[in-house]
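Here is the structure we will look at, set down as structure tokens.
The values are calculated or read from the model by the stated rules, or taken from the named source; none is laboratory data. Just so it is clear, the model here is predicted, and its values are computed rather than measured. Positions of Cβ are generated from backbone atoms using ideal geometry, with glycine treated the same way; all protein chains shown enter the neighbour counts.
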Amino acid sequence: MTTSPIERAADSFAAELSRRRVERGMTKKQLAARMGFDPSYVSHVEGRRHRPTEDFARRAEAVLGAAGAIWQRFQEYDELRQARSAIVAHRDPPVPEQWMPPGTGLIVEQETATLAYHDDAYRCVIRRALYNAGTEPVTRYLVRVAVDRYPNDPGRSNRHHRENPLTFAELDLQAFCDDQGTREPMEWRKKHDRDAFKEVWLLFENSDGRFPLYPGERVTTEYSYRVNQDKWGQWFQRAVRLPTRRLALRLDLPLDLDPQVWGVETSLSAEEGPLRTPLVRHDEDGRAFFEWSTDDPPLNARYRLEWRYRAAPIAPAAPPPESETRASDRMRAAGIVQLGADLLRQPARQFDLPRDEANARDVVTRLRAALERLDELHPFSKGVGLAAPQIGLPWAAAVVRPPDRDAEPVVLLNPRVVDAALETDEQYEGCLSLFDLRGLVARPLRLDIEHARWDGGRVITSFELAMARLVAHEVDHLEGRLYVDRMDPDVPLVPIEEYRDTGNPWRY
């Protein structure tokens, strides 16, 4: 029986979410896909097994268009949770015909991304119609440029870009802002500068002054850059990082090269698959144009066009370098299930404790033994974790050893995340199930995990910094998720041989 005010508020949120979803005629799976969540998460929230988070509430409100009702229920819950009594401040008018929760910030009402190939180089132009649905002036926003010459051969591609790094000088990055018939140049500022990846802030300012985008205002921006074909690779991808109403992609390729183009899409809730609608092609003046668009793409979805030139000679593939046994092969020999196995993509089976206590203890014993064997193969100075599916067992159990080797390993049975800090950081992670690579992953700096004791009781443990990252990684495994699913789509994986920070502790 629900007794506390905060539990009643959580129940009200779940009931409002369920009612609005049913009114829209959406299944839990459909809603989860639109929101960019795993289907089980929506089910858990509606079933009161997960408490709502701010990010979840914002996305649910935006997708279901609940006229602020879902967001209001969340605020009521959140104010009780944080024991706040402050009165919610006045908010600016919402987006016409589509309510967005306060603080949503920038909305992309229309994005048109064009890539053209001329004179052995690709020119990319991104045009965006923006709306400020937030409560503060917007003075900048982040854009990314990523190249991958050999997308199907990460090792070769990383070596190529290390020897031939992409530079800002060759990009010739230009940006403009169109506002009421005036085309203003936009300055930009570097954020990240890596061999194959650039990140810059586009600034709503130039040498003549500043022109912030105020709440309730609209503007269209355009930025463009150029990359030689020897660095680009034959693919073009857009990732949805802001709420977007319409996304359009356009390729402009030479007709005499006889281009063949296809497309794929991925999201947080679905593996890679073909675009749901076909590309449209038309030929004109010696050029082949390929166009595709979608409405209301879910956050974190990725849409990728790929092509080959059937009239161009195919360069022979470089022979693989001679090397010792790969790291992943050593892990496989030690009994660690590797990427590609179905078990790694399936939610783990929950223990029924205390009835399954003997089975749970056996699984944990086998996990501990596997970690001891792995110590002979690699020095895990940053700590290490292992989930039962990684040793071929379908149970919801994991063992996490802290970076401090003298500390007792943490045993997690039937774990689930109940709260996470809004503050995150990015660090490189490895995984025993794809040990040849390292990837840059954002994780919360604090994580609250509810997990089971041997007697079936539940306890909540808070983890911070390095342990929060290690635990989050293992909980992902038990939900059928890998760290690559959480990576920025524009940041490439790094082969272990080229990972320069091997053995160094995380920077906390």
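Taking the residues in the stretch 20-47 that are in contact with a helix residue (DSSP H, G or I) (Cβ under 7 Å, 6 or more places away or on another chain), charged (D, E, K, R) and over 10 Å from residue 63 (Cβ atoms) as candidates, determine which candidate is modelled with the lowest pLDDT.
Of everything passing the filter in the stretch 20-47, 38 is modelled with the lowest pLDDT.
Identify, by number, the condition in (1) closer than 29 Å to residue 434 by Cα; (2) part of a strand (DSSP E or B); (3) not basic (Lys, Arg) that residue 151 doesn't meet.
Every listed condition holds for residue 151 apart from (2).
Is it the case that the stretch 112-134 has a residue that's in contact with a Pro (Cβ under 8 Å, 6 or more places away or on another chain), outside any strand (DSSP E or B) and of a type outside the set (Ser, Thr, Tyr)?
Among the residues of the stretch 112-134, at least one is in contact with a Pro (Cβ under 8 Å, 6 or more places away or on another chain), outside any strand (DSSP E or B) and of a type outside the set (Ser, Thr, Tyr), which makes the answer yes.
Working only within the stretch 137-163, note down all residues that are surrounded by fewer than 16 Cβ atoms within 10 Å (Cβ to Cβ) and at pLDDT 85 or above.
Those that are surrounded by fewer than 16 Cβ atoms within 10 Å (Cβ to Cβ) and at pLDDT 85 or above: 137, 139, 142.
Output the residue which, of all residues in the stretch 37-69 that are closer than 20 Å to residue 486 by Cβ and part of a loop (DSSP other than H, G, I, E, B), is farthest from the chain's Cα centre (by Cα).
Among residues in the stretch 37-69 that are closer than 20 Å to residue 486 by Cβ and part of a loop (DSSP other than H, G, I, E, B), the one farthest from the chain's Cα centre (by Cα) is 50.
I need the strands (runs of 3 or more DSSP E) fully contained in the stretch 396-441, keeping only those with at least 3 residues that are touching a Pro at 6+ places or on another chain (Cβ under 9 Å) and crowded, with 22+ Cβ neighbours inside 10 Å.
In the stretch 396-441, the matching strands (runs of 3 or more DSSP E) lie at 397-401.
Please enumerate the residues belonging to the stretch 221-267 that are outside any strand (DSSP E or B) and either within 30 Å of residue 181 (Cβ to Cβ) or in contact with a Ser or Thr (Cβ under 9 Å, 6 or more places away or on another chain) (or both).
The answer is 233, 240, 241, 242, 243, 245.
Select from the stretch 12-35 the residues that are surrounded by 20 or more Cβ atoms within 10 Å (Cβ to Cβ) and small (Gly, Ala, Ser) and list them in ascending order.
14, 32, 33
Could you tell me whether residue 247 is surrounded by 18 or more Cβ atoms within 10 Å (Cβ to Cβ) and either over 21 Å from residue 489 (Cα atoms) or out of contact with any helix residue (DSSP H, G or I) (no Cβ under 9 Å at 6 or more places or on another chain) (or both)?
When the stated conditions are applied, residue 247 passes them.
Mind telling me which of the residues 398, 360, 407, 421 ends up being over 30 Å from residue 194 (Cβ atoms), at pLDDT below 90 and among the small types (Gly, Ala, Ser)?
From the options 398, 360, 407, 421, the qualifying one is 407.
Quick check: is even one residue across the stretch 171-189 farther than 22 Å from residue 136 by Cα, modelled with pLDDT under 90, outside the structural domain of residue 439 (by TED's automatic domain parsing) and assigned to a strand (DSSP E or B)?
yes
Examine the stretch 190-207 for a residue that is crowded, with 17+ Cβ neighbours inside 10 Å, aromatic (Phe, Trp, Tyr) and within 30 Å of residue 157 (Cβ to Cβ), and state whether such a residue exists.
So far as the stretch 190-207 goes, yes, one or more of its residues are crowded, with 17+ Cβ neighbours inside 10 Å, aromatic (Phe, Trp, Tyr) and within 30 Å of residue 157 (Cβ to Cβ).
Tell me which residues, restricted to the stretch 439-496, are of a type in the set (A, V, I, L, M) and at positive phi.
The one that is of a type in the set (A, V, I, L, M) and at positive phi: 465.
Quick check on residue 319: is it at pLDDT below 90, surrounded by 10 or more Cβ atoms within 10 Å (Cβ to Cβ), of a type outside the set (Lys, Arg) and part of a loop (DSSP other than H, G, I, E, B)?
no
In the stretch 450-493, how many are among the acidic types (Asp, Glu) and either free of Cβ contacts under 8 Å to residues at least 24 places away in the same chain or part of a loop (DSSP other than H, G, I, E, B) (or both)?
The qualifying residues number 6.
Applying the selection to the stretch 286-310, what residues are part of a loop (DSSP other than H, G, I, E, B) and either touching a residue at least 40 places away in the same chain (Cβ under 8 Å) or outside the structural domain of residue 232 (by TED's automatic domain parsing) (or both)?
Across the stretch 286-310, the qualifying residues are 296, 297, 298, 299, 300, 301, 310.
From 361, 373, which residue is under 23 Å from residue 340 (Cβ atoms), of a type in the set (Lys, Arg) and in the same structural domain as residue 333 (by TED's automatic domain parsing)?
373
Name the residue that is nearest to residue 58 (Cα to Cα), counting only residues in the stretch 1-11 that are surrounded by fewer than 16 Cβ atoms within 10 Å (Cβ to Cβ) and touching a residue at least 12 places away in the same chain (Cβ under 8 Å).
11
Output yes when any residue across the stretch 44-51 is touching a Phe, Trp or Tyr at 6+ places or on another chain (Cβ under 6 Å), outside the structural domain of residue 421 (by TED's automatic domain parsing) and exposed (fewer than 15 other Cβ atoms within 10 Å of the Cβ), and no when none is.
No, the stretch 44-51 contains no residue that is touching a Phe, Trp or Tyr at 6+ places or on another chain (Cβ under 6 Å), outside the structural domain of residue 421 (by TED's automatic domain parsing) and exposed (fewer than 15 other Cβ atoms within 10 Å of the Cβ).
What is the residue count in the stretch 335-388 for residues that are closer than 17 Å to residue 413 by Cβ and either in contact with a Phe, Trp or Tyr (Cβ under 7 Å, 6 or more places away or on another chain) or surrounded by fewer than 16 Cβ atoms within 10 Å (Cβ to Cβ) (or both)?
Selection size over the stretch 335-388: 19.
If residue 300 satisfies every condition in (1) within 30 Å of residue 107 (Cα to Cα); (2) surrounded by 14 or more Cβ atoms within 10 Å (Cβ to Cβ); (3) modelled with pLDDT of 90 or more but one, which is the exception?
The failed condition is (3).
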